[in-house]
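The values are calculated or read from the model by the stated rules, or taken from the named source; none is laboratory data. Given the structure is predicted, the values throughout are model-derived calculations rather than measurements. Heads up, the Cβs are rebuilt from the backbone with ideal geometry, glycines too, and the neighbour counts pull from every protein chain shown. Accessible surface areas use protein heavy atoms only, side chains included; no ligands, DNA or RNA. Shrake-Rupley method; radii C 1.70, N 1.55, O 1.52, S 1.80 Å.
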Amino acid sequence: MSKVYDVIVLGAGPAGLAAGLYAGRARLSVLIIEKGQDGGQIAITDEIENYPGQTVEGESGPSLIARMTQQCEKFGCERVSDTINEVELEGAVKVLKSSKGEYHGKTVIIATGAFARPIGCKGEKEFLGRGVSYCATCDANFFEDFEVFVVGGGDSAVEEAMYLTKFARKVTIIHRRNELRAAKSIQEKAFKNEKLHFMWDTVVEEVGGDGMLSTMTVKNVKTGETTVINADEEDGLMGVFGFIGTIPNTKIFEGTNLKLDERGYIPTDDNMHTNIPGVFAAGDVRVKSLRQVVTAAADGAIATTQAEAYLNSLE
């Protein structure tokens, strides 16, 4: 049988790296498995301003994650680049399987994250971090006194749009229907906000610009008419925020005994316990109210502390 680790961390975003760091410092044997680049969503964020203790002069997602990765290396975290396609989480030893082989651990911390549901327009990927965003809390400051657009009509879209009015000169909600899906109480606040405007029965077809987002083509779904919206000449930039939901990376857990909610997120208690003993979840993949780097890192620290307590209970 291959090595049985004290802790296997699945995912190397802020939650997974924080979990690995705490495990390494606790002198636990730990393996971090990541299928892509470290950092998850934060790896494609050009500028961060709200992470406590960051470099005040300027911090990018990659630079912050690079230091987290170095900390994990310093404390002896083993690393492997692999894609897990099957899991066996019940029992004393958990088994994670890939096309390369199997990994065994006494505990598993799931930190596979989530990703924003894309708007679905042409140019979206190219302008991500250059005017296109999925996080108002992260990026609102960069659009102070600019004009921004919010795509979506649910609770999160309207709430994030109202948050953006604290920074942007004008905020327009673009919604494919002729009425919002948000709760009535949220709608009432939105309609009273003088900086908030609405573009009904409309979808975004394309975004573009010269390096930074400065033009957008929208289409009325009822008439088929398209309209090109350009950024103010003095601004030279506008923002488009997509809030049409997030999708958790939990596909491999479907059909297992791990409990998922109706959207595919993993419910945990305050101490990151899932419904399976010895299995914990941390970061964006779990059910939570705020998905930020700082809360992901906190989740990872808690998860490892609880994993250590679980391991001690086995002795």
Of the residues in the range 48-67, those that are of a type outside the set (S, T, N, Q), in contact with a Cys (Cβ under 9 Å, 6 or more places away or on another chain) and over 27 Å from residue 81 (Cβ atoms) come to 49
By residue number, the members of the range 250-286 that are open to solvent by 50 Å² or more (accessible area, probe 1.4 Å) and in contact with a Ser or Thr (Cβ under 7 Å, 6 or more places away or on another chain) are 259
Inside the range 130-145, the number of residues satisfying the requirement of being over 23 Å from residue 176 (Cβ atoms), in a loop (DSSP other than H, G, I, E, B) and within 14 Å of the chain's Cα centre (by Cα) is 0
**Prompt:** Can we say residue 307 is within 18 Å of the chain's Cα centre (by Cα), crowded, with 16+ Cβ neighbours inside 10 Å and hydrophobic (A, V, I, L, M, F, W, C)?
**Reply:** no
message: Given the criteria among the basic types (Lys, Arg) and modelled with pLDDT of 95 or more, does residue 195 qualify?
response: yes
Sole miss for residue 223 among (1) at pLDDT below 95; (2) farther than 28 Å from residue 98 by Cβ; (3) open to solvent by 60 Å² or more (accessible area, probe 1.4 Å) is condition (1)
Exactly one of 81, 29, 98 is of a type in the set (Ser, Thr, Tyr) and either within 16 Å of residue 293 (Cα to Cα) or under 21 Å from the mean Cα position of the chain (by Cα) (or both), and that residue is 81
Filter the range 230-244 for residues that are under 17 Å from residue 122 (Cβ atoms) and touching a residue at least 40 places away in the same chain (Cβ under 8 Å); the one that is most open to solvent (accessible area, probe 1.4 Å) is 244
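Rundown of residues vs (1) surrounded by fewer than 21 Cβ atoms within 10 Å (Cβ to Cβ); (2) part of a helix (DSSP H, G or I), yes/no style:
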position: 21; (1), (2): no, yes
position: 50; (1), (2): yes, no
position: 67; (1), (2): yes, yes
position: 72; (1), (2): no, yes
Checklist entry - Any residue in the range 52-65 that is touching a residue at least 60 places away in the same chain (Cβ under 8 Å), surrounded by fewer than 17 Cβ atoms within 10 Å (Cβ to Cβ) and within 28 Å of residue 273 (Cβ to Cβ)? => result yes
Going through (1) over 14 Å from residue 2 (Cβ atoms); (2) surrounded by 14 or more Cβ atoms within 10 Å (Cβ to Cβ); (3) of a type in the set (D, E, K, R); (4) at pLDDT 95 or above one by one, residue 117 fails only at (4)
Filtering the range 136-165 for residues that are open to solvent by 10 Å² or more (accessible area, probe 1.4 Å), in contact with a helix residue (DSSP H, G or I) (Cβ under 8 Å, 6 or more places away or on another chain) and either among the polar types (S, T, N, Q) or in contact (Cβ under 8 Å) with a residue 40 or more places away in the chain (or both) leaves a count of 4
When you look at residue 188, is it part of a helix (DSSP H, G or I), out of contact with any Lys or Arg (no Cβ under 8 Å at 6 or more places or on another chain) and under 27 Å from residue 125 (Cα atoms), yes or no? no
